[in-house]
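Student: If you scroll down you'll find the structure; I have some questions about it.
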Amino acid sequence: MIKTPIQIFDTKLRSNQSICISNDKFLRVYGCGPTVYRDAHVGNMRTFLLADLIIRLSKYLGYQVKFIQNITDVGHMSEDFAEDKMLAQAKLEAKDPFEVAKAYEAKFHTDLARLNIKPADLYPKASESIDLMLQLISDLIENNHAYVGEDNCVYFAAQSFDTYGAISGNRLDSLKPGHRFEYTEDGAKHFHADWALWKAAAGRTQMIWPAPWGAGFPGWHIECSAMSLKFLDKYVDLHLGGIDLRFPHHENERAQSNSAIAGEAVALWVHGEHLLFEGRKMSKSTGNVVLVQDLIDKHLDPLALRVCFLENRYRSQMDLTWQSITTANQLLERWRSKVNGWKSTSTTDPQEIEGNLQAIVADFCNDLDTPRAMQKLRDIEKSNTISDATKYEIFSKADQLLGLDLLKAPAPKRAANAQQLELLDLRAKARGAGDYAESDRLRDLLKVEGIEVRDNSDGQSWSWLI
RNA sequence: GGUCGGAUGGCCGAGAGGCGAGGCUCGGGACUGCAAAUCCCGCUACACGGGUUCAAAUCCCGUUCCGACCUCCA
């Protein structure tokens, strides 16, 4: 057991815990991935960034990591059968459900790359892990944690698992149904809190598989148990996901996994808080869903999002706004421009570099206190005592953790069109001739075009307004 | 009803017993033909009521308000 210096808040124990490498070889990380029935929005990305930050930090400290993230392409059900998300979307797009899943999965990977989120070692798909799940379900029936209902569905017996509720704090007897949902007793479950491991096909014809209990498809929670136990060799050092998954998903997953191996299957449960957009929960019905592509469409660097996320602790709910994104974009541009300017000048101060990096790493190790690390970088940026070359070294090394491409040259400017160039030229001439009334008029016209003109000692320059 | 979190200046947000984080906005100044950018200066806050302490935004007790989850969700 290797105890790393990384401390992270464990939802189950409600306190910071050290991340440990239980097999002495590599950190075993499992993260709940997307259900690929729609585009992943920026809120999803925040959760995926959480895994990236921990993995970058671990690797920076010299540890090996094995990271598994599932792709849910089947079985993520609504209560209502007819509304399986995959199938509903497939119907909407008039495509084969697997085709739909494939398309959204590809987009998911694209968005991760845009945010410099490094890929997992493996992305197992639920649809390709049916055998694993069948085996696990059989094992659970075998050791009396699950039963086949009269409806040919297989249910997990919640009461067979002693510490059910340890993650969320819910107690089985308090989980009385009926507050938010009208609970209808379907008769097949022995207990209201039991959940389906295997759903009988009933009338369904797509995305179903044969099973000992009859054709059907897996429940949502079972895939994460099956995959994490299989691909991480029956023990997870760190399990990640969004806060909403704390209950019931992770509670159920824990019950399944622990029951299967007759022990604790996950050392630490870590949850990322949700994101609001302009003060409200991001949702289709509110109409405020923001995608990574939307940033690109607005000519913003997707990494500006990363800046926003880094400036807020992963464990606090944050409100994202276009204002905060554009501000972050400006910071990114400023840093890149400065970092490039700091390069290849003066001498470095190895002690200064080491001290600052250690302090930044210490912030990361302290439950990913990225806002504090960002602040340290702002201080270093402004310091009068640290040499430029030293600043360059600090920023370039810190970027291994931040993932902001700080060494990249500032974004090349989009070219203006012929008419805009003409206006710029006219303005330069008017100003050169001392015709300020005309040059100001042209500056206003250019502003309408989204161009901001600046006058410098050596003439005019311009940039796009965001 | 149960569970988990919150409440800090105009706004956003750190801090977790004693030194007013920082960012954004705004106001003043330098620079500028004017702007912009940049730099300098300014803006003294911790929901409420008790308590502990030499000292409380921070700890304790109580209250109010807000959000999330409760078998959809990152």
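The values are calculated or read from the model by the stated rules, or taken from the named source; none is laboratory data. Fair warning: this is a prediction, and the values are worked out from it, not measured in the lab. Reconstructed Cβ throughout: ideal geometry from the backbone, glycine too, with neighbour counts over all protein chains shown. Ligands, DNA and RNA are excluded from the accessible area calculation, which covers all protein heavy atoms including side chains. Shrake-Rupley method; radii C 1.70, N 1.55, O 1.52, S 1.80 Å.
Student: Restricting the stretch A:93-126 to residues that are part of a loop (DSSP other than H, G, I, E, B) and not hydrophobic (A, V, I, L, M, F, W, C), which is farthest from A:LEU232 (Cα to Cα)?
Tutor: Step by step, filter the stretch A:93-126, then rank; the result is A:LYS95.
Student: So, A:GLU93, is that one under 19 Å from A:TYR30 (Cβ atoms) and either assigned by TED's automatic domain parsing to the domain that holds A:ARG38 or in contact (Cβ under 8 Å) with a residue 12 or more places away in the chain (or both) or not?
Tutor: Here the answer is no, as A:GLU93 does not meet what is asked.
Student: If you scan the stretch A:284-318, which residues turn out to be within 13 Å of RNA strand B (Cβ to nearest atom) and over 29 Å from A:LYS397 (Cα atoms)?
Tutor: Scanning the stretch A:284-318 gives A:LYS284, A:SER285, A:THR286, A:ASN288, A:VAL289, A:VAL290, A:LEU291.
Student: Just one of (1) open to solvent by less than 20 Å² (accessible area, probe 1.4 Å); (2) at pLDDT below 90 trips up A:LEU49, so point out which.
Tutor: That leaves (2) as the condition not met.
Student: Tell me, please, whether a residue that is out of contact with any helix residue (DSSP H, G or I) (no Cβ under 7 Å at 6 or more places or on another chain), under 25 Å from A:ASN456 (Cβ atoms) and crowded, with 16+ Cβ neighbours inside 10 Å can be found in the stretch A:336-358.
Tutor: yes
Student: In the stretch A:370-418, what residues are touching a residue at least 24 places away in the same chain (Cβ under 8 Å), closer than 22 Å to A:GLU352 by Cβ, open to solvent by 20 Å² or more (accessible area, probe 1.4 Å) and among the charged types (D, E, K, R)?
Tutor: Passing the criteria: A:ASP388, A:GLU393, A:LYS397.
Student: Can you pull out every residue in the stretch A:407-466 that is of a type in the set (Gly, Ala, Ser) and either in contact with a helix residue (DSSP H, G or I) (Cβ under 8 Å, 6 or more places away or on another chain) or part of a helix (DSSP H, G or I) (or both)?
Tutor: Selection gives A:ALA409, A:ALA411, A:ALA416, A:ALA418, A:ALA428, A:ALA430, A:GLY432, A:ALA437, A:SER439, A:GLY459.
Student: Quick check: anything in the stretch A:255-263 in a loop (DSSP other than H, G, I, E, B) and within 19 Å of A:SER160 (Cβ to Cβ)?
Tutor: Within the stretch A:255-263 (the criterion being in a loop (DSSP other than H, G, I, E, B) and within 19 Å of A:SER160 (Cβ to Cβ)), the answer is yes, since at least one residue qualifies.
Student: Determine, yes or no, whether A:ASP10 is of a type in the set (D, E, K, R) and buried (at least 20 other Cβ atoms within 10 Å of the Cβ).
Tutor: yes
Student: Still on this structure, I have one more. Go through the stretch A:227-253 and count every residue that is open to solvent by 10 Å² or more (accessible area, probe 1.4 Å), in a helix (DSSP H, G or I) and closer than 25 Å to A:LEU134 by Cα.
Tutor: 7
Student: A further question on this structure: Report every pair of residues separated by at least 6 positions or lying on different chains whose Cβ atoms are under 6 Å apart, first residue within the stretch A:205-225 and touching a residue at least 12 places away in the same chain (Cβ under 8 Å) and closer than 21 Å to A:SER257 by Cβ, second acidic (Asp, Glu) and open to solvent by less than 10 Å² (accessible area, probe 1.4 Å).
Tutor: Within 6 Å, the pairs are A:HIS221/A:GLU253; A:CYS224/A:GLU253; A:SER225/A:GLU253.
Student: For the stretch A:212-226, enumerate the residues that are open to solvent by 10 Å² or more (accessible area, probe 1.4 Å), of a type outside the set (A, V, I, L, M) and out of contact with any Ser or Thr (no Cβ under 8 Å at 6 or more places or on another chain).
Tutor: Correct list: A:TRP213, A:GLY214, A:HIS221.
Student: Restricting attention to helices (runs of 4 or more DSSP H) lying wholly within the stretch A:272-356, give those where 3 or more residues are touching a Pro at 6+ places or on another chain (Cβ under 7 Å).
Tutor: It comes to A:292-297, A:322-342.
Student: Still on this structure, please answer the following. Here is a check on your reading of the model: is A:LEU61 farther than 19 Å from A:ILE360 by Cβ and more than 16 Å from RNA strand B (Cβ to nearest atom)?
Tutor: no
Student: I'm checking my understanding of the structure. Among residues of the stretch A:133-150 that are open to solvent by 50 Å² or more (accessible area, probe 1.4 Å) and touching a residue at least 12 places away in the same chain (Cβ under 8 Å), which one is farthest from the chain's Cα centre (by Cα)?
Tutor: The residue in question is A:GLU150.
Student: What single numbered condition from (1) touching a residue at least 60 places away in the same chain (Cβ under 8 Å); (2) surrounded by fewer than 21 Cβ atoms within 10 Å (Cβ to Cβ); (3) not in a helix (DSSP H, G or I) fails to hold for A:ASP24?
Tutor: Every listed condition holds for A:ASP24 apart from (1).
Student: Collect the residues in the stretch A:442-463 that are surrounded by 13 or more Cβ atoms within 10 Å (Cβ to Cβ) and not small (Gly, Ala, Ser), keeping them in residue-number order.
Tutor: A:LEU442, A:ARG443, A:LEU445, A:LEU446, A:GLU449, A:ILE451, A:GLU452, A:VAL453, A:ASP455, A:GLN460, A:TRP462
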